[in-house]
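Read through the structure below, which is laid out as C-alpha cells, and then see the notes.
The values are calculated or read from the model by the stated rules, or taken from the named source; none is laboratory data. Since we're looking at a predicted model, the values are computed, not measured. Cβ: placed from backbone, ideal geometry, glycine included. Neighbour counts: every protein chain shown.
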Amino acid sequence: MALFNILLAIHVLSVVWWIGGVFTVTASLLPLFNRLPADERIQWIQRFEGRFANQARIAVLLAGISGFWMYALLPGAITHTWWIGLMLLVWVLFAIMLFVAEPLRLPAKLGVIRNPRKFLALHAVLLALALAAIACGVIGARGGF
Ligand code: HEM
C-alpha cells in the first residue's frame, strides 16, 4: 500500500504541474497575448511554449507511468470504471499534442495558432476535459459514483 500511496502522490503532483500550467495559459496568458499585434502575439506564444513544453512532457510522462502502475495494482472493479477511462482519454489527447502534433509543428502548419479565438477555444476545451477528469477521479476514487 505504501507503493500505491507514493504513486498516487507522484500522479497528483504531476497533474498539478501540467494542468496548472494549462490553466494559466488558458485563463491568463492567451487572453493577454491576444491583445498584441499578430506577429508579437505568435512570438510570445512560442516563447512561453519553449519554456513550458518540456515541463509538460515530463509531467505527462510521470502521470502516465504512475497512472498505469497504479492501474496494474488495483482490482478490476476500479480500473474498469468510466472515470479512469476519462483520465486515459485526457492523457492520450495531451500525449498526442505534446509528442506528435507539436514536434511536427502541426498547429502552426494548420494555421490554428494564427487564429486567436480558435487557439483559445482549443485550450479551453482541453482544460475543461482535464478538470472534469480531476473532479471525477477524486469523487470516483472515494466510491462517489
Ligand atoms: C495514463 C493515464 C492515466 C491512468 C492510467 C490513470 C490512473 C489512475 C489511477 C489507477 C488512479 C487511482 C484511483 C484510485 O485511487 O482508486 C488515479 C488517480 C487520479 N488520477 Fe489518474 N490516471 C491517468 C491520467 C490522469 C489524468 C490525465 C488526470 C487529470 C487530468 C488524472 C487525475 C487523477 C487524480 C486527480 C487522481 C486522484 C484521485 C484521488 O485519489 O483523489 N489522471 N489515476
Every residue in the range 90-102 that is more than 8 Å from the ligand (Cβ to nearest atom) and touching a residue at least 40 places away in the same chain (Cβ under 8 Å), please.
LEU98, PHE99, GLU102
I'm told GLU40 meets every condition in (1) in contact with a helix residue (DSSP H, G or I) (Cβ under 9 Å, 6 or more places away or on another chain); (2) away from the ligand (no atom under 12 Å from the Cβ); (3) modelled with pLDDT under 95 except one. Can you identify the failing condition by its number?
(3)
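Against the condition at pLDDT 95 or above and more than 8 Å from the ligand (Cβ to nearest atom), how does ALA132 come out, does it pass?
Against the criterion (at pLDDT 95 or above and more than 8 Å from the ligand (Cβ to nearest atom)), ALA132 qualifies.
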State all residues of the range 86-114 that are at pLDDT 95 or above and more than 22 Å from ALA59 (Cβ to Cβ); if no residue qualifies, say none.
none
Tell me which residues, restricted to the range 37-47, are surrounded by fewer than 12 Cβ atoms within 10 Å (Cβ to Cβ) and touching a residue at least 40 places away in the same chain (Cβ under 8 Å).
ALA38
